[in-house]
1. Can we say B:Ser60 is over 23 Å from B:Arg231 (Cβ atoms), touching a residue at least 40 places away in the same chain (Cβ under 8 Å), of a type in the set (S, T, N, Q) and out of contact with any Phe, Trp or Tyr (no Cβ under 8 Å at 6 or more places or on another chain)?
2. Sort out which residues of segment B:1-60 are at positive phi and in a helix (DSSP H, G or I), and write them in order of number.
3. From the residues in segment B:204-246 that are surrounded by fewer than 16 Cβ atoms within 10 Å (Cβ to Cβ) and of a type in the set (Asp, Glu), which one is nearest to B:Pro102 (Cα to Cα)?
4. Please go through segment A:86-99 and give me each residue that is more than 24 Å from A:Thr232 (Cβ to Cβ), among the charged types (D, E, K, R) and either open to solvent by less than 90 Å² (accessible area, probe 1.4 Å) or in a loop (DSSP other than H, G, I, E, B) (or both), ordered by number.
5. If I filter segment B:102-112 for residues that are of a type in the set (Asp, Glu) and either over 26 Å from B:Lys269 (Cα atoms) or in the same structural domain as B:Asn294 (by TED's automatic domain parsing) (or both), do I get at least one hit?
6. Does segment B:1-14 contain any residue that is open to solvent by less than 40 Å² (accessible area, probe 1.4 Å), within 20 Å of the chain's Cα centre (by Cα), within 14 Å of chain A (Cβ to nearest Cβ) and of a type outside the set (Phe, Trp, Tyr)?
7. Need at least 2 residues that are closer than 23 Å to A:Ala55 by Cβ per element, so show me which helices (runs of 4 or more DSSP H) inside segment A:122-224 make the cut, counting only ones lying wholly within it.
8. Scan segment A:247-265 for residues that are surrounded by 16 or more Cβ atoms within 10 Å (Cβ to Cβ) and part of a helix (DSSP H, G or I) and jot them down.
Protein chains: 2
Amino acid sequence: MNKETLIEVHNRIKPFIHKTPVLSSSLLNDMVGANIVFKCENFQKMGAFKMRGAANAILSLSNEERERGVVTHSSGNFAQAVSLAAKKLDVKAYIVMPENAPQVKKDGVKTYKGEIIECESTPQAREATADKIKKEKGASFLHPSNQDEVIYGNSTAAMELLEECPELDVILTPVGGGGLIAGTALAAHYFSDNCKVIGGEPMEADDAYRSLISGKIETNESFHTVADGLRTHLGDRNFPIIQKHVDKIIRVEEYEIINAMRLIWERMKIIIEPSCAVPFAAVLKNKGEFRDKNVGIILSGGNVDVKNLPF
Amino acid sequence: MNKETLIEVHNRIKPFIHKTPVLSSSLLNDMVGANIVFKCENFQKMGAFKMRGAANAILSLSNEERERGVVTHSSGNFAQAVSLAAKKLDVKAYIVMPENAPQVKKDGVKTYKGEIIECESTPQAREATADKIKKEKGASFLHPSNQDEVIYGNSTAAMELLEECPELDVILTPVGGGGLIAGTALAAHYFSDNCKVIGGEPMEADDAYRSLISGKIETNESFHTVADGLRTHLGDRNFPIIQKHVDKIIRVEEYEIINAMRLIWERMKIIIEPSCAVPFAAVLKNKGEFRDKNVGIILSGGNVDVKNLPF
């Protein structure tokens, strides 16, 4: 792949996505002492950046493949994204979801006519259930984060951000399965001169941080984090990209995630989900490192159950 | 006053306000069957349109008056607006607030260095307390809604909206003290050909609805509404403007306000306060009337205590 691949991907998915706005807050800038711009993927169709990768993945399938449908497992947002993109392309979508996924995310899938198959909340259970449907229905498996088409689709958020703010010194994203940060790292590599990419990750699910240190894919024994979208693992497609192009990962505590989320809600008056607050929590934690810098943050999503908030 | 008065006001306050964005949602459009644009004053400085009127009122004072300070009573947002505008102009602000005002609004005043004087939560108690400070300190009284400079400042939100969306058939605002709808009505009168103005009002504080019918200012015996910013009465400066230029008032129930608020939170991913949801609740209630129309809604503010939500 190269720069032209990403431009083609962006053109292909444009009819299916919003070009989301870039917002800033003088209050938050003053708090950090930096010039921060937020790429608002919480305003993306179905409420998260995942629409970009899902649309690209389905658009990359042949007509024969599309007729047999698609299957995915997801903690929620990719499920909605696949359901919506499939619906727009008249493709059947089978969605494997953990039984403890937020109700608002299950409802989202139903809104977009995806068929939900529930399973236990472990990566192993999700994969086994999806595999079964793949075999039974002949459906194409779409991975939420560890698939080239998904990673390239995700790149388009940072491409748009860099087009609007070419002077950025650094872009931060949350790190869950690694698909967003890998896509962002490719975008920064091909569409900026020197823009670094840094990840924010919960201390309670810090597999990417440990993987970058050990040089191999590490896993989490538990996922005790409020950032429900980040309860996943890196994969063999995105990890090499992360190793090559990501500057580092900053880990944050649970209270730092909740504090960052509340600050964005109260000061910017926009709704973001806990996972989405992780990179801003990282900036608040390491203020000195970002002082006087032009900082881009990808606000990954806004699908939160307003009846079940962490504050 | 005339068209030029409002253009001068807008130019005068521009350095102190944001030109707020105009957003739309295809999901909400489909729900109503109309083309709705939302003027996001929840993203205004201090989080509400009140900044516009407060800035204009203080900028209209003489240097001698500014030295003696300003005093106001407010359920919250005008208090923050006066505090912030006064701080920017190096003027002392005395703020009379009901003791049961949301903590987030009291904190806002403190952030902007206003001096809070608490009183009972009745219009009579607020006025008496403000009057005392006016006499003791020689401070200029600023009324949250019933003062020409405040009304003209409020007009600038609809002026910006009409400049961006000149084809609007109707603009809706909430109705509390009447300052926003009066200002909006003047803007529509001077800056559009045929754009109607309609108010949304809680059934539980429907003084404006009843006043338009009786032809004189009616009052509320109680204010049992979640829309805390609308627990006020019309005044003799804004009522004649409303009588002359407002098409009508649509009343909504409490559950309709909460439902409209939640829809905007969940679908648009933006934070609005309960008062702010009232005009969209009115549109949802009277869908047929707005079908296929170009509808503007002024989202008045986003200062809500996220620890104390109505859902």
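The values are calculated or read from the model by the stated rules, or taken from the named source; none is laboratory data. Note that the structure is a prediction, hence the values are computed from the model and not measured. Neighbour counts run over all protein chains shown; Cβ positions are idealised from the backbone, glycine included. The accessibility values were calculated without ligands, DNA or RNA, using every heavy atom of the protein model including side chains. Shrake-Rupley method; radii C 1.70, N 1.55, O 1.52, S 1.80 Å.
1. yes
2. B:Met46, B:Gly47
3. Narrowing segment B:204-246 to residues surrounded by fewer than 16 Cβ atoms within 10 Å (Cβ to Cβ): B:213-216, B:219, B:221-222, B:224, B:236, B:240, B:243-244.
Of the ones still in play, those that are also of a type in the set (Asp, Glu) are B:221, B:236.
Numbers: B:Glu221: 21, B:Asp236: 28 Å.
Residue satisfying both the conditions and the ranking: B:Glu221.
4. Within segment A:86-99, A:Asp90, A:Lys92 meet the criteria.
5. Checking segment B:102-112: not a single residue is of a type in the set (Asp, Glu) and either over 26 Å from B:Lys269 (Cα atoms) or in the same structural domain as B:Asn294 (by TED's automatic domain parsing) (or both).
6. no
7. Working: elements: A:123-137, A:148-164, A:179-191, A:207-214.
Result: A:123-137, A:148-164, A:179-191.
8. A:Glu254, A:Glu256, A:Ile257, A:Ile258, A:Asn259, A:Ala260, A:Met261, A:Arg262, A:Leu263, A:Ile264, A:Trp265
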